[in-house]
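Everything below concerns the one structure shown next.
The values are calculated or read from the model by the stated rules, or taken from the named source; none is laboratory data. Everything numeric in this text was worked out from a predicted model, so none of it was measured. Quick note on the areas: whole protein, heavy atoms, side chains included, nothing else; ligands and nucleic acids left out. Shrake-Rupley method; radii C 1.70, N 1.55, O 1.52, S 1.80 Å.
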Amino acid sequence: LATQAVNDTMSPSDRKILAIEIDELKGELLAIGNAKDENNNYIFAGSRVNKPAFELQPDGKFVYKGDQTRNLVQVGENRQIILNRPGSEVFTQVPREKPDGTIGAEGFFEAIDSLSTAIKSSDRKGMDQGMADLDLMGQSMSMASAKLGAGMAVVESQTALLEETRLQLKTALSSIEDIDYAEAVTEMKKQLIALEAAQGSFAQISRLSLFDYINR
């Protein structure tokens, strides 16, 4: 939509329509940022799972109310993965130059608002800035998705390993449960007789000296 908006063939009224659509998409992103899991915990709030990750302030800005806690879950004997992603890591701020020349930051949702405002007023400089912001925000989301994908791959690999281990244990248990006890006892007796014979021979040989070997 932003790419369409910067096109010189777009009229001011066309851009206003695009801006309305961008505003709606921002609302969807905010809903995702404040989404809950099956336990009714806010997914992107870090350890502050009982409160929304992003809250609207009186000045119209959205502030991240979560923390940077990353919860780990054990997926194997020596393996852990991160269970959550702080909202500030996914819905990242973008750099913004202040009037005094210093570099500050603008929030994720405020940056989308700035883009929408620029499109509504056909502000080319603001639209270009919005495009750059979207690139940075898209990179952050792609990185978060990549980390999530890597974690999912670990879980799938560990699941396969556990399934293989379970199959081996079931096979071992089945071999014990299905054993022919009469045959097993007979085989054990044979091995005991052979062991006793070997021990008797060793006892006799161990009592012989080198001269005994020579004389024999």
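Apolar share of the accessible surface for the chain: 57 percent from carbon plus sulfur atoms, 1.4 Å probe. Here the chain was treated as a single set of alpha-carbon atoms; its pair distances binned every 10 Å from 0 give 7, 19, 19, 13, 9, 7, 6, 6, 6, 5, 2, 0 percent. Computed over the chain with a Gaussian network model linking Cα atoms closer than 10 Å, the most mobile of GLY101, GLY151, GLY27 is GLY101.
In the chain, the longest principal axis of the Cα atoms and the axis of helix 124-177 are about 20 degrees apart.
Of the residues ALA182, ALA53, ALA172, the one that moves most in a GNM of the chain with alpha-carbon contacts below 10 Å is ALA182. Both radii were evaluated on the Cα set of the range 1-114; the Rg over Rh quotient, with Rh as the Kirkwood radius, amounts to 1.09. Sequence-distant contacts, meaning Cα pairs under 8 Å at least 6 residues apart, place the relative contact order of the chain at 16 percent. Accessible surface ranking for LYS36, LYS26, 1.4 angstrom probe, highest first: LYS36, LYS26.
Solvent-accessible surface of protein heavy atoms, probed at 1.4 angstrom with all chains present, puts ARG15, ARG85 in the order ARG85, ARG15, largest first. Using alpha carbons only, how many degrees (0 to 90, rounded to 10) separate the axis of helix 181-206 from the longest principal axis of the chain? In the chain, helix 181-206 runs at an angle near 60 degrees to the longest axis.
When ligands, DNA and RNA are left out and all protein chains stay put, how many square angstrom of accessible area per residue does the chain have with a 1.4 Å probe? In whole numbers, the chain has 69 Å² accessible per residue. Report the full-extension gain for the segment GLU164 to ILE176: residue separation times 0.36 nm, less the Cα-Cα distance, to one decimal in nm. Taking 0.36 nm per residue and subtracting the Cα distance, the gain is 2.4 nm. Hull volume per residue, based on the alpha-carbon atoms of the range 74-159 and their convex hull, is 101 Å³.
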